[in-house]
Amino acid sequence: MNTIKNAAGRVATVAAVSAITITGLAGTAFAQTSVFEDAKGDMKQGADIRKVRVVNGDEKLRINVRHRDLVRSFRSGSSIAVYIDTDRTRTGPEYVFLGATFEGGDYALLPADGFQQDGNRQVPLRGGSYIMKLDYVEDVARIAIDQVVVGDPAKVRVEVKTGAELLPEGSTTPKPTE
């Protein structure tokens with residue numbers, strides 16, 4: 001959890017894929033897949049987003065985020081925040097998936113209040129699980145969340161942001177922000 005606070009919590013530069021709406025219907029035959037592209041080069045450091053693919057399936061919500069330059073080094077300070085809105089009657093997303101996109105980084109699914117994390121306690125698993133796998137060859141962060149964990153929503157809206165802390169050459173401590 002400390003890695004999340006260090007890498008994802010103190011984001012100095014942020015790029016976002018604009019709000020994504022997915023209308024997935026329950027049932028394997030009705031799983032909805034949507035793909036969204038991001039502006040090229042709108043981030044100077046970290047892992048710039050190229051494309052987001054969201055599949056709201058019967059058993060899993062899958063979010064694949066393709067980056068321009070996903071790197072293994074912690075020096076990138078690269079992170080990802082995936083906001084998941086499962087209830088249109090409430091304002092903003094109910095969940096935020098935060099994670100470091102460098103090797104050895106941590107991740108967690110947390111409750112959200114709008115576009116802010118609501119505390120540091122992870123969302124109860126309710127008999128399910130979630131995982132993020134990083135593919136540095138293909139530059140993809142693959143996130144899979146069991147539907148039971150997010151309340152089996154028929155429809156979801158997703159927003160993805162990526163960020164990075166700017167590390168001075170040879171340092172493991174981010175530059176102070178002004």
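List of remarks:
- Neighbours by Cβ (under 8 Å, 6+ apart or cross-chain): first from the stretch 72-90, assigned to a loop (DSSP other than H, G, I, E, B); second surrounded by fewer than 24 Cβ atoms within 10 Å (Cβ to Cβ) and among the basic types (K, R): T86/K155; R88/K155; R88/R157
- Residue within the stretch 73-93 that is more than 19 Å from N56 (Cα to Cα) and acidic (D, E) present: no
- Residues of the stretch 120-134 that are open to solvent by 40 Å² or more (accessible area, probe 1.4 Å) and either charged (D, E, K, R) or without any contact (Cβ under 8 Å) to a residue 60 or more places away in the chain (or both): R121, Q122, P124, L125, R126, G127, S129, I131, K133.
- For the stretch 58-70, the set of residues classified as surrounded by fewer than 23 Cβ atoms within 10 Å (Cβ to Cβ), within 14 Å of L134 (Cβ to Cβ) and in contact with a strand residue (DSSP E or B) (Cβ under 6 Å, 6 or more places away or on another chain) consists of N64, R66, listed by residue number.
- Taken over the stretch 71-95, the criterion of being within 13 Å of L134 (Cα to Cα) and either open to solvent by 10 Å² or more (accessible area, probe 1.4 Å) or of a type in the set (F, W, Y) (or both) is satisfied by V71, R72, S73.
The values are calculated or read from the model by the stated rules, or taken from the named source; none is laboratory data. Quick caveat: nothing in here was measured; it's all calculated off a predicted structure. Cβ coordinates were reconstructed from backbone atoms using ideal geometry, including for glycine residues, and neighbour counts include every protein chain displayed. In case anyone asks, the SASA skips ligands and DNA or RNA and just uses the protein heavy atoms, side chains included. Shrake-Rupley method; radii C 1.70, N 1.55, O 1.52, S 1.80 Å.
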